[in-house]
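None of the figures in this text is laboratory data; all of them are computed from the coordinates on show. For clarity, every value in this text was computed on a predicted model and none was experimentally measured. Cβ placement follows ideal geometry from the backbone for every residue including glycine, while neighbour counts extend to all protein chains displayed.
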Amino acid sequence: MSFTGQRYLTRGVQNEIPFDLQMFMWYLINNLNEPKDYLQVFRLSVSDDGTQHIIHEQEVPAYSREYYVQTDNPVSAKVYVIDDGDHCTMLLAEEY
């Protein structure tokens with residue numbers, strides 16, 4: 001998948017995920033130098049020191065990387081980004 005179609009956010013993402021983290025997740029997808037699965041998974045949590053911990057994963061081909069990011073509003077959530085060929089949607093796991 002290319003993740004180049006029109007991009008959409010669900011209301012849950014708009015309300016719960018800070019804009020800087022939304023942009024960072026799109027950046028990670030854009031700069032993934034491996035074949036991309038249609039489903040990108042981001043596990044967001046707050047580390048002990050208050051930084052944002054992000055695990056970016058996909059199933060096929062297998063991929064997983066961890067990031068620690070300074071942000072004003074770290075959150076805990078699981079976020080999916082799905083490319084259906086025509087458009088890309090970022091949504092909270094519970095909105096799936």
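Looking only at segment 16-52, how many residues end up being part of a helix (DSSP H, G or I), over 10 Å from the mean Cα position of the chain (by Cα) and more than 20 Å from Asp84 (Cα to Cα)?
Residues in segment 16-52 being part of a helix (DSSP H, G or I), over 10 Å from the mean Cα position of the chain (by Cα) and more than 20 Å from Asp84 (Cα to Cα): 3 in total.
Table: residues versus (1) in contact with a strand residue (DSSP E or B) (Cβ under 7 Å, 6 or more places away or on another chain); (2) surrounded by fewer than 17 Cβ atoms within 10 Å (Cβ to Cβ); (3) at negative phi; (4) not aliphatic (A, V, I, L, M).
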| position | (1), (2), (3), (4) |
| --- | --- |
| Arg7 | yes, yes, yes, yes |
| Asn15 | no, yes, yes, yes |
| Met25 | yes, no, yes, no |
| Asp48 | no, yes, yes, yes |
| Gln52 | yes, no, yes, yes |
| Val75 | yes, yes, yes, no |
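Residues to consider are Thr51, Thr89, Thr10; find the one that is in contact (Cβ under 8 Å) with a residue 12 or more places away in the chain, touching an Asp or Glu at 6+ places or on another chain (Cβ under 6 Å) and not charged (D, E, K, R).
Thr10
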